[in-house]
Amino acid sequence: MSARAVVSKNRPVAMQRQVLQPDGKLVDGAQPMEEEFLLEALRWMMKSRLYDHRVIGLQRQGQFGVYSPGMGQEASIVGSAMAVDPARDWMVPQYRELMASVHHGLPLEVISSQYLGKIGPARIPEGVKVLPTQVAIAAQLPQATGLAWGLKLRGEDSVVIAYIGDGGSSEGDFHEGLNLAGVTKAPIVFFLSNNQWAISTSRRVQTATRSFALRAAGYGFDGVEVDGNDVMAVYAATRAAVDKARKGGGPSLVEATTYRMSFHNTTDNPSRYQDPKDYEEAKTRDPIERVQKYLASIGLWDGKKDEAWTEELREENDRALKLAAEAQPPNPDDVFANVYQDPPLRIVRQRSELAGGQR
Amino acid sequence: MPQRNIVEAINSALTDEMQADQRVMVLGLDVGKLGGVFRTTSGLIEKFGSERVVDTPLAEASIVGASLGLALAGMVPVAEIQFLGFTAQAFHQIGPQLGKYRQRSRGRYHCQVTIRAPFGGGIRSPEFHSDAVEAQFVQAPGIKIVMPSNPYDAKGLLIEAIRDPDPVLFCEPDRLYRSGKAEVPDGAYTVPFGKASLVREGDNVTLVAWSAAVELCLRAADALAADGISAAVLDLRTLVPLDVETLCTQVAKTGRCVVVHEAPLSAGFGAEVSATLMEEIFYDLDAPVMRVGAFDVPFPAASLEDHYLPSLDRVVKAVKRTMES
Ligand SMILES: Cc1ncc(C[n+]2csc(CCOP(=O)(O)OP(=O)(O)O)c2C)c(N)n1
Ligand SMILES: [Mg+2]
């Protein structure tokens, strides 16, 4: 991995780590991922993009909830997830990195059923070390710090990876969560997906600093900036941070510079605020095509393979979506489920009122 | 007279006030080019520029805290919190700070700040977006709480809020944003705070509500009329100040009252209404005051919101119970 200056329209010049260039060629002297591992990464990235396309279509037909796609950010999503160990490490998501949670062991049908408004079927299975998606921006960060701190106190061999966006970096919870992690030397990696947008707000509005990664210095730990569209670089940088945390080296902040190649969510219309040229430019840095070009150059990828994988992955996703659709629909009584272990009597009465009994 | 929905009425109020007073500015998440996630600030940045219509970093506490400071400097900020549920991230700047600033400074400083925030269920929003937390702010004295239910009031109350020397929390019913148009004049006008509005006359029972629950009560009144029950609907319009006089006079006339709100039942503002009636007109009541609210659980997944929110059926049932006693 080497550091090089990258200029993109939506951001100032910054030093980013990169392994694989947008044209599919390795950076001089950079160490590529093992081929098997890279193929696996590609598979997950393609799965993520195909899933996005599929569920956006379903949402448009009223068959899926409000959804924030990860399109354009697949290298960040997959590269970061591959750097942690589902057997012992914990993942603390925001909401856009859905496929990272799936990689970490959350079945696709489970998270899909959440978007279909299911309750029971959307419960994270026992043993899967993933926390629920977080919609209150940055609220997950102090929690993730506490989790990592607690795991350290308990003497566990675990690391926490917590996701946050460029927008989320402005919240007080971001500062408080990272500061406390520095103080407690918690084994945690803060993975900041800088996709240049927080709904319609450009990352330039969020901060006057040149790079989010620089902020880590203020908390007393390391920050690295990585080309977030380069799965090899994302993996290497995140893995280094995870290894360091596991060895007792404390927290890190990884800033993955990427681009949201889609709307904020299915209710959003970016044409009101986004220059289409920015999108066109981002397309030239597509994280999936980059890997495919590289693999093609070493004889491991071609159109036929692309077709076969696409077909397979579509089927795999559709199977999960079918399971999610067939899973038990929500029941009115679920309004009262999982609020207290022992609900107060007043709530028990409200519950029976809803069920049609006397109030 | 021009017809406007609530989104357009709010936009019109902001436009008029920004035109009339150079000190008025709008700040919040995505209020600029996007025009706000519901488009209430649409076109403002084009008219008034990016110094007066400001996309802020994603940090609610700083939006409110900075508004306090801007007001001290002589600006008149209208802050938008993208959804009322995310006032939680700014609560310490609202209740303990904005609400107390006049008192803390022994009257030396005041905060002419308006905070606008959409809220309410019924539009299948993601988590936290629908929470009706208005009563939490009633426990933060020093702040006025405005809850319009229709386009005419939305414009007049917002202008009143912007001109008020004290901080105002202005809660907008997102379910009704585009649900219908009404006559809303061009040009500035105000609707005074602390004046409830009798939106429907009726003899047997008074339904008391604010914001989107007024619309529900109007539907309930229609349904009840079919059963021979004549229900009045009183729209409080502002919770602070509360129009105790109109509330008591109106309920004394019908002798029966049901309060309806979207917030959870326990310690919702319905409890305040009910207690006030007990204290003021106990001997004019023919039946206990009833409350219909959401259940005492957190707002559920969007797929379940219809079961959680007060429904037409639950309002009608509550009215029938008061009629029996
Ligand atoms: C505390 C809070 N404020 C506002 C919102 C509304 N909101 C949802 S997503 C979002 C933008 C988040 O941007 P970023 O952190 O960059 O993540 P991205 O969506 O780009 O992945 C906003 C403002 C929210 N969910 N939570
Ligand atoms: Mg972002």
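The values are calculated or read from the model by the stated rules, or taken from the named source; none is laboratory data. Since the model is a prediction, treat every value here as computed from it, not as a measurement. Glycine gets a Cβ as well: all are built from the backbone with ideal geometry, and neighbour counts include every protein chain shown. With ligands, DNA and RNA removed, areas are computed over all heavy atoms of the protein, side chains included. Shrake-Rupley method; radii C 1.70, N 1.55, O 1.52, S 1.80 Å.
Quick look at the numbers
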{"read-out": "Pairs where the first residue, in the stretch A:322-338, is more than 9 Å from every other protein chain (Cβ to nearest Cβ) and the second is among the small types (G, A, S), C-beta under 6 Å, 6+ apart", "value": "A:A324/A:S112; A:A324/A:S113; A:A327/A:S113; A:Q328/A:G120"}
{"read-out": "Candidates A:D275, A:D286, A:D302, filtered to the one that is open to solvent by 50 Å² or more (accessible area, probe 1.4 Å) and more than 14 Å from chain B (Cβ to nearest Cβ)", "value": "A:D302"}
{"read-out": "Matching residues, the stretch A:188-208, being within 15 Å of ligand 1 (Cβ to nearest atom) and within 13 Å of A:E255 (Cα to Cα)", "value": "A:F190, A:F191, A:L192, A:S193, A:N194, A:N195, A:Q196, A:R203"}
{"read-out": "Matching residues, the stretch B:195-219, being in a loop (DSSP other than H, G, I, E, B), within 24 Å of B:G255 (Cβ to Cβ) and not acidic (D, E)", "value": "B:K195, B:A196, B:G202, B:N204, B:W210"}
{"read-out": "Residues of the stretch A:220-258 classified as within 16 Å of the chain's Cα centre (by Cα) and charged (D, E, K, R), total", "value": "4"}
{"read-out": "B:A221 more than 17 Å from the chain's Cα centre (by Cα), without any contact (Cβ under 8 Å) to a residue 24 or more places away in the chain, open to solvent by less than 30 Å² (accessible area, probe 1.4 Å) and more than 16 Å from ligand 2 (Cβ to nearest atom)", "value": "yes"}
{"read-out": "Considering residues of the stretch A:175-186 that are more than 14 Å from chain B (Cβ to nearest Cβ) and open to solvent by less than 10 Å² (accessible area, probe 1.4 Å) only, the residue nearest to ligand 1 (Cβ to nearest atom)", "value": "A:L178"}
{"read-out": "The stretch A:85-104, residues that are of a type in the set (D, E) and under 16 Å from A:P187 (Cα atoms)", "value": "A:D85, A:D89"}
{"read-out": "The stretch A:119-129, subset within 14 Å of chain B (Cβ to nearest Cβ) and farther than 14 Å from A:A320 by Cα, residue farthest from ligand 1 (Cβ to nearest atom)", "value": "A:G120"}
{"read-out": "Residue within the stretch B:234-252 that is among the charged types (D, E, K, R) and more than 20 Å from the chain's Cα centre (by Cα) present", "value": "no"}
{"read-out": "Positions within the stretch A:134-167 being within 17 Å of A:A198 (Cα to Cα) and either surrounded by fewer than 24 Cβ atoms within 10 Å (Cβ to Cβ) or in contact with a Cys (Cβ under 8 Å, 6 or more places away or on another chain) (or both), in sequence order", "value": "A:Q134, A:V135, A:A136, A:A139"}
{"read-out": "Test: A:P132 is more than 9 Å from ligand 1 (Cβ to nearest atom) and within 14 Å of chain B (Cβ to nearest Cβ)", "value": "yes"}
{"read-out": "Unmet criterion (only one of (1) away from ligand 1 (no atom under 15 Å from the Cβ); (2) within 24 Å of A:R49 (Cβ to Cβ); (3) crowded, with 22+ Cβ neighbours inside 10 Å) for A:G105", "value": "(3)"}
{"read-out": "Selection count where residues are over 19 Å from the mean Cα position of the chain (by Cα), among the charged types (D, E, K, R) and within 11 Å of ligand 2 (Cβ to nearest atom), scope the stretch A:154-202", "value": "0"}
{"read-out": "Whichever residue in the stretch A:198-213 is within 18 Å of A:E225 (Cα to Cα), in contact (Cβ under 8 Å) with a residue 12 or more places away in the chain and small (G, A, S) and, among such residues, is farthest from the other protein chains (Cβ to nearest Cβ)", "value": "A:A213"}
{"read-out": "Subset of the stretch B:39-62 that is of a type outside the set (S, T, Y), facing another protein chain (nearest Cβ under 10 Å) and at negative phi - its residue that is farthest from the chain's Cα centre (by Cα)", "value": "B:P57"}
{"read-out": "Hits in the stretch A:46-61 - residues which are in a helix (DSSP H, G or I), more than 11 Å from A:W309 (Cβ to Cβ) and of a type outside the set (D, E, K, R)", "value": "A:S48, A:Y51, A:H53, A:V55, A:I56, A:G57, A:L58, A:Q59"}
{"read-out": "Residues satisfying the stated conditions in the stretch B:170-198, i.e. within 15 Å of B:V259 (Cα to Cα) and touching a Leu at 6+ places or on another chain (Cβ under 7 Å)", "value": "B:A196, B:L198"}
{"read-out": "Residue within the stretch B:250-266 that is open to solvent by 40 Å² or more (accessible area, probe 1.4 Å) and within 14 Å of chain A (Cβ to nearest Cβ) present", "value": "yes"}
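Condition check ((1) surrounded by fewer than 20 Cβ atoms within 10 Å (Cβ to Cβ); (2) in contact with a Gly (Cβ under 9 Å, 6 or more places away or on another chain)) across all residues:
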| position | (1), (2) |
| --- | --- |
| A:L26 | yes, no |
| A:A30 | yes, no |
| A:E34 | yes, no |
| A:F37 | yes, no |
| A:D52 | no, yes |
| A:Q59 | yes, yes |
| A:G62 | yes, no |
| A:V66 | yes, no |
| A:G70 | no, no |
